[in-house]
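Read-outs: derived from the displayed coordinates by stated rules, not from any lab. As the structure is a computational prediction, the values presented were derived from the model and not from experiment. Counting neighbours? That spans all protein chains shown, and the Cβs are built from the backbone with ideal geometry, glycine included.
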Amino acid sequence: MTRIRNNTVVVTGASRGIGEAAARYFAKAGAKVVLSARNEARIRDIAEDIAAKGGIALAIRCDVSQAADVERLMTEVRARTGAIDVLVNNAGTIDPIARLADSDPQAWGQIVDVNLKGVYHGLRYAIPWMVESGGGTILNISSGAATSALEGWSHYCATKAAVLSLTRVAHKEYGPQGVRVIGLSPGTVATDMQVSIRTSGINPVSQLDPNVHIPPEWVAKALLWLCGPDADPHLGTDFSIKTNEGRAAVGLALAD
Ligand code: NDP
């Protein structure tokens, strides 16, 4: 079991889906969790619910596309908890889904601001604290789209590929100083994002039977596992739980 008790774990995009499940899971394992997202009412409600169940949780509003927001988030977490042990760079979006010639340049750029620059901002403002305190773990939520091409997803594929590149560079630059950086490619997960994908009807992912999506709690379990030493061989890469090899390592049910 990965030791996480009393560690401070910051989760971006924690107002629903994978981020909410991760915050709840880490809190149950004894971590002090910091939930951040734009929907402040929602993260406050989740934090209150975690506290009512005996966990420790803070809610701090943050739009990851804004560097100043992320800098303030990290400064406030440090001031209120004394540490940033784990950062889960989870906030991400896929809307609007459109083929290149139909895409809106402004909306395309907004995806870059959230999916790519949001992760960069997290790295930029968490790494200095982690280096100062002797180390930490940064988990970047990746996707199979980082290494494959899907119609209608040019913004998503391009930004996830770039995030994989950030994972590699951050590991190279700060691994020697104790900062563990790993990507997690979860496969398809039953969240609002898959509802948008299905509605688009554009590529084979949109045609999947919703029953094949894994629950967000599985992703949360994998994220906790990635915080422990068994995951060290995967530092600086994307670890996948789409494969049975990855699932077995984490202790998840295997696919048929
Ligand atoms: P959801 O749409 O359910 O949740 C997305 C989360 O991101 C919300 O909490 C939302 O909160 C937050 N968010 C969006 N924009 C911003 C922003 N500018 N600043 C801060 N938070 C933001 O998606 P998932 O839970 O499915 O996705 C989470 C991550 O997992 C994403 O990075 C996604 O790409 C990745 N992923 C998902 C897969 C899936 O099948 N679902 C598969 C592979 C990867 P709010 O609106 O309150 O800001």
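Listing for the model above:
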item	result
Per-region count, the range 39-69, residues buried (at least 18 other Cβ atoms within 10 Å of the Cβ) and aliphatic (A, V, I, L, M)	9
Qualifying residue in the range 19-26 (condition: among the hydrophobic types (A, V, I, L, M, F, W, C), more than 9 Å from the ligand (Cβ to nearest atom) and surrounded by fewer than 17 Cβ atoms within 10 Å (Cβ to Cβ))	no
Near pairs, Cβ below 7 angstrom, 6+ apart or cross-chain, from the range 5-27 (on the phi > 0 side of the Ramachandran plot) to any residue that is crowded, with 23+ Cβ neighbours inside 10 Å	Asn6/Lys32; Gly13/Gly19; Gly13/Ala37; Gly13/Asn90; Gly13/Ala91; Gly13/Gly92
Selection within the range 62-96 - more than 9 Å from the ligand (Cβ to nearest atom) and of a type in the set (D, E, K, R)	Glu71, Arg72, Glu76, Arg78, Arg80, Asp85
Single residue of the range 87-140 satisfying the filter (of a type in the set (Asp, Glu) and within 24 Å of His171 (Cβ to Cβ)) that is surrounded by the fewest Cβ atoms within 10 Å (Cβ to Cβ)	Glu132
Lone qualifier among Arg247, Arg198 - being under 23 Å from Ile138 (Cβ atoms), without any contact (Cβ under 8 Å) to a residue 60 or more places away in the chain and of a type in the set (Lys, Arg)	Arg247
Members of the range 114-145 that are within 9 Å of the ligand (Cβ to nearest atom) and either aliphatic (A, V, I, L, M) or over 15 Å from the mean Cα position of the chain (by Cα) (or both)	Val114, Val119, Ile141, Ala145
The range 190-204 - residue that is more than 8 Å from the ligand (Cβ to nearest atom) and assigned to a helix (DSSP H, G or I) and, of those, nearest to Ala27 (Cα to Cα)	Val195
Matching residues, the range 160-178, being buried (at least 17 other Cβ atoms within 10 Å of the Cβ) and either among the charged types (D, E, K, R) or away from the ligand (no atom under 14 Å from the Cβ) (or both)	Lys160, Ala170, His171, Tyr174
Of all residues in the range 149-159 being surrounded by fewer than 21 Cβ atoms within 10 Å (Cβ to Cβ) and not in a helix (DSSP H, G or I), the one that is nearest to the ligand (Cβ to nearest atom)	Leu150
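To keep it simple, each residue is scored yes or no on (1) more than 10 Å from the ligand (Cβ to nearest atom); (2) surrounded by 20 or more Cβ atoms within 10 Å (Cβ to Cβ); (3) not aromatic (Phe, Trp, Tyr).
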| position | (1), (2), (3) |
| --- | --- |
| Thr147 | yes, no, yes |
| Arg180 | yes, yes, yes |
| Pro186 | no, yes, yes |
| Pro210 | yes, no, yes |
| Pro216 | no, yes, yes |
